[in-house]
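Step one of this worksheet: look at the structure below.
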Amino acid sequence: MKRVVTGISATLTAILLTVSLTTGTASATPPNIPSAATAASRLATLTVAAETNQSSYNRSLFNHWITISGACNTRETVLKRDGTGVVVDSSCAATSGRWYSPFDGATWTAASDVDIDHMVPLAEAWRSGAYAWTSAQRQSYANDLGGPELWAVTDNVNQAKGDQDPSTWQPPLGSFDCTYARAWIQVKFYWKLTLQSSEKSALQSMLATC
């Protein structure tokens, strides 16, 4: 009897381990994206100013990716959050799953094809006020899971975006403009970052599609 119980216990442990390494269906949408009306209201409160301190930017000033839970860092956490049927190994690396990229409408089954985009890029944040932050603030920003800052998207789309704001780059999928603008505004509002006049105009045009 003891041998049977031990066998059952081992089986249950294996099942629980498998479940713990697998996420369910995800919406591929980060949290706390405001409504169009709220976004428009918040956009009106943002300070319009010229960007500054561009020459002093260095990506290493924004410490990422950091450990979030157990063996999982920020990138791995977003892959699990925004993917469907994601399975990870003991080091939290995604071994399978599906990821929908809202920027371009593509779906990927290999985590290597997915980048984690900073909605408001680190360099853009730096030029918009983050140059004056502490190291701890910049780390919090670069790993912000509480708002719509981190997105799982097609890698080459993220690379094409680079550090551009909406006045020079917008998602290939035009139907995503409304959500993109609302998320961008929320990040700048929450983190008290400035924006350029051309950036504000672009965001207003994108909100008009909502």
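Values quoted throughout were computed directly from the atomic coordinates according to the rules given, and no laboratory measurement underlies them. These numbers were taken from a predicted model, which means no experiment stands behind them.
Once amide H atoms are placed 1.01 Å from N in the peptide plane, what residues at a sequence separation of 5 or more from Leu150, or on another chain, have their amide H within under 5 Å of its amide H?
Correct list: Met119.
Over the Cα atoms of the stretch 48-125, what Rg and Dmax result, in angstrom?
15.4, 47
If you line up the Cα atoms of the stretch 78-210 on their principal axes, what length do they span on each, largest first, in Å?
Largest to smallest, the principal-axis extents are 45, 36, 22 Å.
Give the dimensionless ratio obtained when the Cα radius of gyration of the stretch 154-201 is divided by 2.2 N^0.38 Å.
This ratio for the stretch 154-201 stands at 1.16.
Checking the a/c ratio against 1.5 first, then a/b against b/c, what shape does the Cα gyration tensor give for the stretch 124-197?
Prolate shape, in that a/c is at least 1.5 and a/b is the bigger ratio.
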